Amino acid sequence: MTATNPLGYAEVEPPQTVDFAYYDESYYYGAGLGVAGYRDYDRESPPYKLEFYSQAIERAVRNVDRPRVLDVGCAFGRLLAGLPAYFDRVGVDVSAYALAEARRHVRDVRFVQAAMPPLELGAFDAIAAFDVLEQVADPRAMLERLAAMLAPDGEFLTVIPVYDGPLGWAQRLINDDPTRRHRLARRAWLDLIGVPFEIVEWRGIYRYLTAFGPYLHAPTRLLRASAPAIVVRARRKRR
């Protein structure tokens, strides 16, 4: 089933309404989502996947002495925990449960519960939003907010699932997560990101949580047009 959402793009199915309370412990470790009818955040976030993300952030701020980094949708703060301790690290998430766990286990990181990062947090040299844009009510507004919070020479990094490739049917079959409100084609996302940002590069990611084996996470430039997710690197547009 398809529907046209307020962004003007055809979606695979109508957006779902999800409130903050949905993101409790059962969202991260519960039944009814993902492969084989369960979800396991730990299996979906293996160390080598987090290392890929952290390396991308570190490359983005390599010329900054004491970089400020914002992770939107930080969950348990594991990505921020893996960054150098001299970074000024801030995590934002809607989940009270995840942030409580983050505050218990991750030191020297500021965590904020919010649907959208407050402007009062200031400017950042790198902003990451991994698997977030498809979940927010208004991706356009989120992108504008993040662009406003990015330092002039900073970088924005995001990963988004896409549904227009040859494996789009598999995406719909194996992931029934209702928090994925916007299930768009890669060109739709690139167009949206390209409004407040200048896209530097984008790649594809082949990624799947197998029923009994490991989580597969393989970035690719060559097959980016058919991958089930994309990773985008961008800078704020000069006004």
(message) Residue pairs, Cβ under 8 Å, 6 or more apart or interchain, first in the stretch 38-63 and among the aromatic types (Phe, Trp, Tyr), second assigned to a loop (DSSP other than H, G, I, E, B) and surrounded by 15 or more Cβ atoms within 10 Å (Cβ to Cβ). List them.
(response) 41/75; 41/76
(request) Please tell me if residue 195 is within 30 Å of residue 153 (Cβ to Cβ), at pLDDT 95 or above and in a loop (DSSP other than H, G, I, E, B). (result) yes
(message) Could you check the stretch 103-117 and list, in sequence order, the residues that are part of a loop (DSSP other than H, G, I, E, B) and farther than 14 Å from residue 69 by Cα?
(response) 106, 107, 114, 115, 116
(request) Keeping to the stretch 82-102, report how many residues are part of a loop (DSSP other than H, G, I, E, B) and crowded, with 19+ Cβ neighbours inside 10 Å. (result) 4
(request) Taking the residues in the stretch 129-185 that are among the basic types (Lys, Arg) and at pLDDT 95 or above as candidates, determine which candidate is surrounded by the most Cβ atoms within 10 Å (Cβ to Cβ). (result) 145
(message) Please list, ordered by residue number, the strands (runs of 3 or more DSSP E) wholly in the stretch 1-81 having 2 or more residues that are at pLDDT 90 or above.
(response) 68-72
(request) Using the structure shown, decide if residue 97 is at pLDDT 95 or above, under 29 Å from residue 162 (Cβ atoms), of a type in the set (Ser, Thr, Tyr) and out of contact with any strand residue (DSSP E or B) (no Cβ under 7 Å at 6 or more places or on another chain). (result) yes
(request) Hey, can you tell me all the residues within the stretch 40-68 that are hydroxyl-bearing (Ser, Thr, Tyr) and either out of contact with any helix residue (DSSP H, G or I) (no Cβ under 7 Å at 6 or more places or on another chain) or surrounded by 18 or more Cβ atoms within 10 Å (Cβ to Cβ) (or both)? (result) 45, 48, 53, 54
(message) Restricting to the stretch 107-128, give me the number of residues that are buried (at least 19 other Cβ atoms within 10 Å of the Cβ) and without any contact (Cβ under 8 Å) to a residue 60 or more places away in the chain.
(response) 5
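The values are calculated or read from the model by the stated rules, or taken from the named source; none is laboratory data. Because the structure is predicted, anything quoted here is derived from the model rather than measured. Backbone-built Cβ (ideal geometry, glycine too); neighbour counts: all protein chains shown.
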